[in-house]
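Step one of this worksheet: look at the structure below.
Derivation of every value follows stated rules applied to the coordinates shown; laboratory data play no part. Since we're looking at a predicted model, the values are computed, not measured. Virtual Cβ from ideal backbone geometry, glycine too; neighbours counted across all protein chains shown.
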């Protein structure tokens, strides 16, 4: 049992390490907020554009002293279907079962004051939710 746990932990942290190194050299903008929606490139679970018309609400959630904006969408399966691999899809489904949404933006991966980001996203959501 200990060997299995060791293998799983090594795989998990190995993949996380590779992702972290890749993100260090990634030139993509982490988050874009425009009239179309929120384009998220900030984490391993990012799936690109989340359209305003698909968003029902945005909730702030804190897990282990880390802030998350949970993006509650009308059709979560649409976004789970955008997953680039099975691991990402599985993690999104896990988020769905725990937080009722597969989509979140974390405070850890962005170089921006998270409270200001939350205010900006909420303001843009209210402004754009009925447009389109």
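Would you work out the relative contact order for the chain, in percent, from Cα pairs under 8 angstrom that are 6 or more residues apart?
Normalised by residue count, the contact order of the chain is 21 percent.
Okay, helix-only estimate at 222 nm for the chain: each DSSP H run of n ≥ 4 adds -39500 (n - 2.57), divide by all residues, round to 500 deg cm²/dmol; what do you get?
For the chain, the value works out to -14000 deg cm²/dmol.
Expected output is a single nm value to one decimal: the length gained when fully extending between residue 122 and residue 35, i.e. 0.36 nm times separation in residues minus the C-alpha distance. What is it? Let's see the in-between values first.
Numbers: separation 87, 0.36 × 87 = 31.32 nm, distance 1.30 nm.
Length difference between fully extended and current span is 30.0 nm.
Pairing the Cα long axis of helix 86-99 with the longest principal axis of the chain, what angle in degrees results, from 0 to 90 and rounded to the nearest 10?
For helix 86-99, the angle is close to 60 degrees.
Extending each Cα 7 Å along its Cβ direction at residue 1 and residue 91, get the distance between those two points in nm, one decimal.
2.8
Return the equivalent ellipsoid semi-axes of the chain as a descending list in whole Å, where each equals the square root of 5 times an eigenvalue of the C-alpha gyration tensor.
Each semi-axis is the square root of five times an eigenvalue, giving 27, 17, 14 Å.
Of the listed peptides 41-49, 117-125, 102-110, what is their order by residue-averaged count of other C-beta atoms within 10 Å, with the highest listed first?
Final packing ranking: 102-110, 41-49, 117-125.
Would you mind checking the tilt of helix 114-128 against the longest principal axis of the Cα atoms of the chain, expressed as 0 to 90 degrees and rounded to 10?
50
As an exercise, use a Förster radius of 22 Å and the Cβ-Cβ distance of residue 65 and residue 9 to find the FRET efficiency, rounded to the nearest 0.05.
Details: r = 22 Å, r/R0 = 1.02.
E between residue 65 and residue 9, to the nearest 0.05, is 0.45.
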